1. State yes or no: is residue 33 at pLDDT 90 or above, touching a helix residue (DSSP H, G or I) at 6+ places or on another chain (Cβ under 6 Å) and either on the phi < 0 side of the Ramachandran plot or surrounded by 10 or more Cβ atoms within 10 Å (Cβ to Cβ) (or both)?
2. Quick one: in segment 46-58, of everything that is assigned to a helix (DSSP H, G or I) and over 19 Å from the mean Cα position of the chain (by Cα), which residue is farthest from residue 79 (Cα to Cα)?
3. Which residues, taken from segment 8-45, are closer than 26 Å to residue 57 by Cα and assigned to a loop (DSSP other than H, G, I, E, B)?
């Protein structure tokens, strides 16, 4: 009979490598401390309160309006899809 020593053969836990890609599900939770949350909140507020950021946010909102207008025009038949050209004959 052979005795296996499980405690001596435990695998080392995975370690984070910033050069690798990771995945998680939408239901996974990430816990941050109050101090970490404060840093995140203050950093986001500082960036979003700059004039440059406000211009980018406004440009994004304008882009959404243009996309919605284009979508309505396609749905109403005003704008037509352009068929792709066959490039194999070149």
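The values are calculated or read from the model by the stated rules, or taken from the named source; none is laboratory data. All values reported here derive from a predicted model rather than from experimental measurement. Note that each Cβ is placed from the backbone with ideal geometry, even for glycine, and that neighbours are counted across all protein chains shown.
1. Values: at pLDDT 90 or above: yes; touching a helix residue (DSSP H, G or I) at 6+ places or on another chain (Cβ under 6 Å): no; either on the phi < 0 side of the Ramachandran plot or surrounded by 10 or more Cβ atoms within 10 Å (Cβ to Cβ) (or both): yes.
Judged against the criteria, residue 33 is not a match.
2. It comes out as 46.
3. Once the filter is applied, which keeps residues that are closer than 26 Å to residue 57 by Cα and assigned to a loop (DSSP other than H, G, I, E, B), segment 8-45 yields only 26.
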